[in-house]
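Heads up: the structure comes next, in structure tokens.
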Amino acid sequence: MNRLATLILLVLTLPALSATTSRWKHTTADDFRQGTTHNVVASSLGDLKLSRAIKTLLEQSPDVDAVYALAEAPDKTVYAGTGPKGVILEIKNEKVAPLLTLEDSQQIFSLAVDAKGSLLIGTGGQAGKIFRLEQGSKAPKVIFEHDGVQYIWSMKLLADGTIYAATGPEGQLFEIAPGGESRVVFHCPENNLLSLTGDGKDTLYVGTDPHGLIYKVNRKTGEAFVLYDAGESEITALVLSANGNLYAATGQSEAGEGFGHDDAMPGAGGRPETPIEGPADGGLLQRISVELPDIRPALSGLGTARRPTPAPLFPLGQLVAHEGHDVAKQPVPPKPAEPEIKPPHPQPPAAGHAPAIPDNMPTEGNAIYCIEPSGTTTEILRQPLPILSMIESDGKLLAGTGTEGTILEITPGSDETRTLAKVDAKQVMALLTTASGQVMLGAANAGGISVLTKGLAAEGTFVSAVLDATQISQFGKIQLHGLVPDGTALKVAARSGNLQEPGDDAWSKWSEDVSAAEFVDAKCPSARFFQYRLTLTSTNPGQTPTVEDVEIPYLQPNLAPQIKSITIAVTEKNQSPADADAHQPASQRHQTISWEASDPNADALEFSLYVRQAAKGEWILLKDKLTESTFEWDTRATADGRYEVKVVASDAKANPAGAGRTASRVSDPVLVDNTAPAIGDVKAVVDARSASVSSRIVDRTSTVAGVDFAIDSATDWQAVKAVDNIFDQPEESAVVKLTDLAPGLHQITLRATDAQGNQAFENVTVRIESPAASK
């Protein structure tokens, strides 16, 4: 057995290349989901493996857009119920042939086979009906129809021949006796009863839409009880295990709405006809223009449960089909819209057994819930996909999903979830374990029938998505973790190009497939885009190579840093008492320089700051070896004037000597003004109880912003207007006029402020004589 160790990266030191190696790493199911697979699947742990082998029995038919239901007769004949034309298909020895077509192009949503081999057919459309097709006959007979019933979503057949039918859109559960008599067992305040199963005795379980309720119903008394209220809108499948655990799957769509009550009915306002090219032989598999059912797309992607720590290499367990009994419960398809959504029926179920339905809060994705006989409910799976079908086989659950056509295997009681296979049709509507142990799949979009065989595919491929290095880059050695058991092989190839869409003419050819047991050289020319391909093969149907993660290092050319902007703002810094000056305000201004810079290679950057006075002055180093993109510039030691600041970014320390690159940016001019304006030519004139104080204010660097005064106070300031009415020049004049002054000596303080906030003060005293003294 060969084990794949992590390959050693060979780093080439080239002057034109960055020293920092970037990497693409694929290690989760979501990572691998971006690529293209054929007979390869990703597990919930993110491992790539060969899928179960899938044999396609029906790829596309002019009369079949969706296969909604599958059932097996005692003679091992498998029947398929389809839409939109009501075709029943018969599968014998893996050969598919049309058996009959129902009248009025019925959708066939449910099937069952009774002890005599008669086929029971549940339909949907303008009127939901149940037909019985006796063995050997091709003329089905209607055994059930009822006013208000448009859909027979699911059927449960008991050993005594009694049929229970889950219907819509009025939420009724019917009992149909072998003789054809029918009655309503349970009338639910929901629109649709989508899924149905039971214990073969007196208990039935029903899943609903649009509030995602699971009911437990006594078929004899009609008493009903809500077992669970799911956060999702639809319960699409129910499975009752031998130990009494009930498993419920949900199929809520991406928009938070169910498939049942809002989708268009095929042939009645659904999608327009879509031409499909193909052979014109008129046979069953002819590809012609058909009207597709409006099956709403759901959440894309698989769950990405990632292993918390690198797992040790271990022998791979065999992926084989599990022998198990057939389950009478048939999977439930997504359903077309009703012409009218009717309100809940006014007649309630038995008193005390049907609590009021709360408004469910929608949840993310869909789930499988396990409801134990005690009522304890746990979530055993959550996926960002609608779960459309589910069966039990040998103690494990198989779930068919929408959007990506994946088949999941869930082991209850453990965290193990495996993706067994993917089908080309994107929605797995029905699953059936046959008596021979095969798993048969019914699909939609487009309609098809496939068989999931017991063994693994002999060969499969994974082609990664196109990976973008953003620049022409050199690709290093591909690194892998995984396991290659005896009898299996894993090979790797790669290619590169400079167009986003790969093509034979625009990209390099695929490199030769190289065994992954050796060091894997990408062997691709330097380019911007890259792709790798993994080929998994096995000569043992029970063994598969396993790829745990793939890592591709690439070396970009060293690109110059980028400085997008420089901002310089005045900030206040409190002074210490020792620095205080009677002629300065109580704080000292600094200039905060900040800049926005980045490096295309994500290299660490180092910055230098320079200043110069006037546009053509000589640059002077202000500060170097900065690693943060901000700097507090204390301008107290800087002469007043207009300055420019230059920021230089360098990635030299992140690259080999001589390979570093720089970028620079110059700021807009910024004014440094630390000098207060001067107050001069102060004159005071007293007239009786009035005084007038005139002054001239000059600022050498900026403009005068304002003048105010205080009388016998240091806090009560009053603004003064300029002589020319506006402060807008380096030199201004102002006059303070005072009236009604009290007799005595008064101190008048003038305060002048420039545009940078610097302030100057000047004091003048005046004496007001008392009236007696003036005489």
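The values are calculated or read from the model by the stated rules, or taken from the named source; none is laboratory data. For clarity, every value in this text was computed on a predicted model and none was experimentally measured. Using ideal geometry, Cβ is built from the backbone for each residue, glycine included, and neighbour counts are taken over all protein chains shown. Each accessible area value is taken on the protein alone, full model and side chains, heavy atoms only, with ligands, DNA and RNA left out. Shrake-Rupley method; radii C 1.70, N 1.55, O 1.52, S 1.80 Å.
Here are some notes:
- Pair residue 22, residue 506: separation of 7 Å Cα→Cβ label points (nm): 1.9
- For segment 648-707 and segment 44-75, distance of Cα centres in Å: 79
- Long-range HN-HN contacts of residue 389 with modeled amide H, under 5 Å: 400
- Stretching the chain fully between residue 101 and residue 372 yields a gain of 93.4 nm (0.36 nm per residue, less the alpha carbon separation).
- Lysine pair count for segment 601-742 with Cα-Cα distance under 24 Å and sequence separation of 8 or more or different chains is 8.
- Volume per residue that the Cα convex hull of segment 617-775 spans, once the total is divided by residue count, Å³: 135
- Scoring 722-728, 68-74 by mean Cβ neighbours within 10 Å over their residues and listing the highest first yields 68-74, 722-728.
- Ranked by how many other beta carbons lie within 10 Å on average, peptides 632-640, 524-532 from highest: 524-532, 632-640
- Over 32 Å between alpha carbons, listed pairs 426/477; 426/491; 216/396; 138/220; 49/95: 426/477; 138/220
- Among 95-104, 203-212, 594-603, the order from most to least packed when residues are scored by Cβ within 10 Å on average: 203-212, 594-603, 95-104
- With distances taken between every two different alpha-carbon atoms, segment 111-261 has a Kirkwood hydrodynamic radius of 15.5 Å.
- Whole-Hz Karplus values for segment 553-564 come out as x, 9, 10, 7, x, 6, 9, 5, x, 10, 10, 8 Hz, taken residue by residue from phi with 6.51 cos²θ - 1.76 cosθ + 1.60 and θ = phi - 60°; glycine and proline positions read x.
- Pairwise centroid distance, computed over Cα atoms, of segment 744-771 with segment 117-141, Å: 108
- Remark: relative contact order (segment 709-756) = 45 percent; criterion is Cα-Cα distance under 8 angstrom and separation of 6 or more residues.
- Per-residue 3J(HN,Hα) values for segment 124-135, derived from phi via the Karplus relation 6.51 cos²θ - 1.76 cosθ + 1.60 with θ = phi - 60°, read x, x, 5, 9, x, 9, 10, 9, 10, 10, 6, 4 Hz in sequence order (x marks Gly and Pro).
- Karplus-derived 3J(HN,Hα), 6.51/-1.76/1.60, for each residue of segment 164-176, Hz, glycine and proline x: 10, 10, 8, 10, x, x, 10, x, 10, 10, 9, 10, 10
- Residue-normalised accessible area of segment 40-128, expressed per residue, 1.4 Å probe, Å²: 32
- All aspartates and glutamates inside 12 Å of residue 564 as judged from Cα atoms, apart from same-chain residues fewer than 8 positions distant: 596, 599
- Taking trypsin sites (Lys or Arg not before Pro) across segment 163-218, the ones in a DSSP loop with at most 13 further Cβ atoms lying within 10 angstrom of their Cβ are 201.
- For segment 417-560, Kirkwood radius (reciprocal of mean inverse C-alpha pair distance, Å): 17.6
- Close amide-amide hydrogen proximity is noted between residue 227 and 214, 215, 216, each under 5 Å apart and 5 or more residues distant or on a separate chain (H modeled in the peptide plane; Pro and chain starts excluded).
- Taking every C-alpha pair closer than 8 Å and separated by at least 6 residues, the mean separation divided by the residue count of segment 391-467 gives a relative contact order of 20 percent.
- Amide N of segment 590-608 lying under 17 Å from the label point, which is placed 7 angstrom from the Cα of residue 634 along Cα→Cβ: 590-593
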